[in-house]
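Bear in mind that the values in this text are calculations on the coordinates, not laboratory data. Because the structure is predicted, anything quoted here is derived from the model rather than measured. Here the Cβ positions follow ideal geometry from the backbone for every residue, glycine too, while neighbour counts run over all protein chains shown.
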Amino acid sequence: MIREIHVSAIADAVKKLCMEANYALEPDMLRAFDRALATERSAAGRQVLGILKDNAELARTKMIPYCQDTGFVVCFVELGQDVHVTGGSLADAINEGVRQGYTEGYLRASIVRSPFDRVNTGDNTPAVIHLDLVPGATLKIQVMAKGGGCENRSKYKMLTPAEGVEGVKAWILECIKTAGPDACPPLIAGVGVGGTFEQAARLSKKALFRELGSANPDPMLDSLEREVLERANRLGIGPQGYGGDTTAFGIHILAYPCHITSLPVAVTIECHAHRHKETTL
């Protein structure tokens, strides 16, 4: 049976997600602060983690942005093949939701219409939209408000197959190390391994939507994540770069088949704010 969803419902959902993402951190992030406070040995590190936790509570209760950089809206959409979007286009509806959310929510407009003329669009549009067609009659929308500081520290590398898993580990750690304090740690690294140039990058973003602190469903990748996280937290960069045991909250890896000659690895660096929300219509 075909289910009709009007564009106004999509715009309204996206508007709410954009505002909520900027005001209220997800429970998995708040739990990550608590876990880190229990293990952080650095006094400065503990102080910073406490401030970040207080900041999250202030943002939620006062409904003000957790960070002044309210991000580039990255939207992953799973569109059920039995859904018919009515009243306009899906992309226009998503951008209308972003426009309303950022304008009515008093969220900073951070997007320029051209990489060259640098003129602000004034309402944080357009979003970056990734669309997957899936079975069923629902529309799932995942929104991430992606800050510029950490996005600027994201990197891609085409390894040789001979570099193998050790090469992948080394590259992830190199990205975390060079991100340093610029990416507002404790950070989360979303990692895409395999596929092609653009698929690895897309997977690295998608990986960030997995619940922080949850195990990777693939046992091999789970073991890899744990090892790299432990090594990342021995770098000593610490919360906001003040030194300590908590440089990263998590490493999330998604893999995809690749060409016999390739080993692409993309690392999206995410800051401690990690503002993400999702809903299903």
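When the pairs Lys62/Lys206; Lys16/Lys206; Lys15/Lys206; Lys146/Lys169; Lys15/Lys155; Lys15/Lys169 are compared against a 28 Å limit on Cα-Cα distance, Lys62/Lys206; Lys15/Lys155; Lys15/Lys169 fall above it. For the range 55-188, what is the relative contact order in percent, using Cα pairs closer than 8 Å and at least 6 residues apart in sequence? Answer for the range 55-188 is 32 percent.
Note on the range 1-125: Cα-only Rg and Dmax are 18.3, 59 Å. Length gained on full extension, Thr279 to Val119, computed as 0.36 nm times the residue gap minus the Cα-Cα distance: 54.4 nm. Listed peptides 103-112, 229-238 appear in the order 229-238, 103-112 once ranked by packing, highest mean of other Cβ atoms within 10 Å at the front. Couplings 3J(HN,Hα) of the range 81-98, computed from phi: 5, 9, 9, 10, 7, 10, x, x, 9, 4, 4, 5, 5, 5, 5, 5, x, 5 Hz, in residue order, whole Hz [Karplus 6.51 cos²θ - 1.76 cosθ + 1.60, θ = phi - 60°; x for Gly and Pro]. Across every direction, the projection of the convex hull enclosing the Cα atoms of the range 190-281 has a mean area of 7.1 nm².
Based on alpha-carbon atoms, the Kirkwood radius and the radius of gyration of the chain give Rg/Rh equal to 0.98. Computed on the range 103-152, the Cα convex hull volume stands at 123 Å³ per residue. Its convex hull of Cα atoms gives the range 36-192 a direction-averaged projected area, equal to a quarter of the hull surface, of 13.8 nm². If both residues of a DSSP beta bridge must be in the chain, then about 55% of such bridges are antiparallel. Within the range 187-209, which residues have the backbone N less than 16 Å from the label spot 7 Å out from Thr261 along Cα→beta-carbon, could you tell me? Under cut-off, by backbone N: 195-197. Between Arg234 and His84, the contour length at 0.36 nm per residue exceeds the alpha carbon distance by 49.0 nm.
Any idea how far the Cα center of the range 187-216 sits from the one of the range 67-86, in Å? If we compute the Cα centre of each part, the gap is 17 Å.
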